[in-house]
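**Student:** Provided herewith is a single structure, encoded as structure tokens, for subsequent inquiry.
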Amino acid sequence: MSKEIQASLSELDKVVTYLNETLPNNAIVFLRGDLAAGKTTLTQAIAKAKGIEGEVTSPTFSLQQCYGAEDGTYLYHYDLYRLEHEEFMQLGLFEEFEKEGWHMVEWGSDTLKAFLEGVGYNVVTIDIEPKENSRIYRIEA
């Protein structure tokens, strides 16, 4: 699967709709882009579409946030900035990917992605690139 979508903030539902139509109920999604590219903003839009109420924030200092909707849908949000693969494994975060739901991973390393794919997970990567008043979302699976 390979798709490129250009969307402004008001058109972000185009990206979310595409993801909802193509991703399985359990997915690991690596979000890539520079600071302020829109990784957390996309996660917020996904959470809203999944019926998750309340504030969705970047887990910069906690490493992980878990959100649940009334229908039992779960969304996990990770911020692995400056966290090396070995530290990630030592913290036991790998086991979190066994939980049902979408796992949105900001700043995930290539090493972690290769490891997850090597043990049988399908990992989707979304590269986010700012462009004028919009963003380009390059989705690869």
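**Student:** Under 7 Å by Cβ, and 6 or more places apart or on different chains, what pairs join a residue from region 32-56 that is touching a residue at least 60 places away in the same chain (Cβ under 8 Å) and under 19 Å from Ile5 (Cβ atoms) with one that is acidic (Asp, Glu) and buried (at least 18 other Cβ atoms within 10 Å of the Cβ)?
**Tutor:** Every condition considered, the pairs that remain are Lys39/Glu106.
**Student:** Taking only pairs six or more apart or across chains, which ones have beta-carbon atoms under 6 Å, a first residue in region 62-79 that is without any contact (Cβ under 8 Å) to a residue 24 or more places away in the chain, and a second residue that is of a type outside the set (Gly, Ala, Ser) and assigned to a loop (DSSP other than H, G, I, E, B)?
**Tutor:** Gln65/Pro59; Tyr67/Ile52; Ala69/Lys50; Ala69/Ile52
**Student:** While we're on this one: Taking into account only those residues within region 28-52 that are hydrophobic (A, V, I, L, M, F, W, C) and part of a loop (DSSP other than H, G, I, E, B), which is farthest from Ala114 (Cα to Cα)? Give the steps one after another, and end with the answer.
**Tutor:** We begin by selecting, within region 28-52, every residue hydrophobic (A, V, I, L, M, F, W, C); these are 28-31, 35-37, 42, 45-47, 49, 52.
The next check asks that each one be part of a loop (DSSP other than H, G, I, E, B); those that pass are 35-37, 52.
Values: Leu35: 23, Ala36: 25, Ala37: 23, Ile52: 30 Å.
Top of the filtered list is Ile52.
**Student:** Under the condition of being at pLDDT 90 or above and surrounded by fewer than 19 Cβ atoms within 10 Å (Cβ to Cβ), which residue from region 74-96 is farthest from Leu23 (Cα to Cα)?
**Tutor:** Filtering region 74-96 for residues that are at pLDDT 90 or above and surrounded by fewer than 19 Cβ atoms within 10 Å (Cβ to Cβ), the one farthest from Leu23 (Cα to Cα) comes out as Glu96.
**Student:** Name the residue, out of Tyr81, Tyr18, that is in a loop (DSSP other than H, G, I, E, B) and either of a type in the set (S, T, N, Q) or out of contact with any Gly (no Cβ under 8 Å at 6 or more places or on another chain) (or both).
**Tutor:** Working: Tyr18 fails: in a loop (DSSP other than H, G, I, E, B).
Unique residue meeting the criteria: Tyr81.
**Student:** For region 53-73, name all the residues that are in a loop (DSSP other than H, G, I, E, B) and either modelled with pLDDT of 95 or more or hydroxyl-bearing (Ser, Thr, Tyr) (or both). It would help to see each step written out before you state the result.
**Tutor:** Of all residues in region 53-73, those in a loop (DSSP other than H, G, I, E, B) come to 53-63, 69-73.
Residues satisfying the conditions are Thr57, Ser58, Thr60, Ser62, Thr73.
**Student:** Something else now. Just to verify a result, which residue in region 1-39, among those that are in contact with a strand residue (DSSP E or B) (Cβ under 7 Å, 6 or more places away or on another chain) and of a type in the set (S, T, N, Q), is farthest from Lys131 (Cα to Cα)?
**Tutor:** Within region 1-39, the match that is farthest from Lys131 (Cα to Cα) is Ser2.
**Student:** Of the numbered conditions (1) polar (S, T, N, Q); (2) buried (at least 19 other Cβ atoms within 10 Å of the Cβ); (3) more than 19 Å from Tyr137 (Cβ to Cβ), Thr43 fails exactly one; give the number of that condition.
**Tutor:** (3)
A quick yes/no check of all residues on (1) part of a loop (DSSP other than H, G, I, E, B); (2) touching an Asp or Glu at 6+ places or on another chain (Cβ under 9 Å); (3) aromatic (Phe, Trp, Tyr); (4) on the phi > 0 side of the Ramachandran plot:
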| site | (1), (2), (3), (4) |
| --- | --- |
| Glu87 | no, no, no, no |
| Phe115 | no, no, yes, no |
| Tyr121 | yes, no, yes, no |
| Tyr137 | no, yes, yes, no |
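The values are calculated or read from the model by the stated rules, or taken from the named source; none is laboratory data. This structure is a prediction, so every number in the text was calculated from the model and none was measured. Neighbour counts are summed over all protein chains in view; Cβ atoms, including those assigned to glycine, are modelled from backbone coordinates with ideal geometry.
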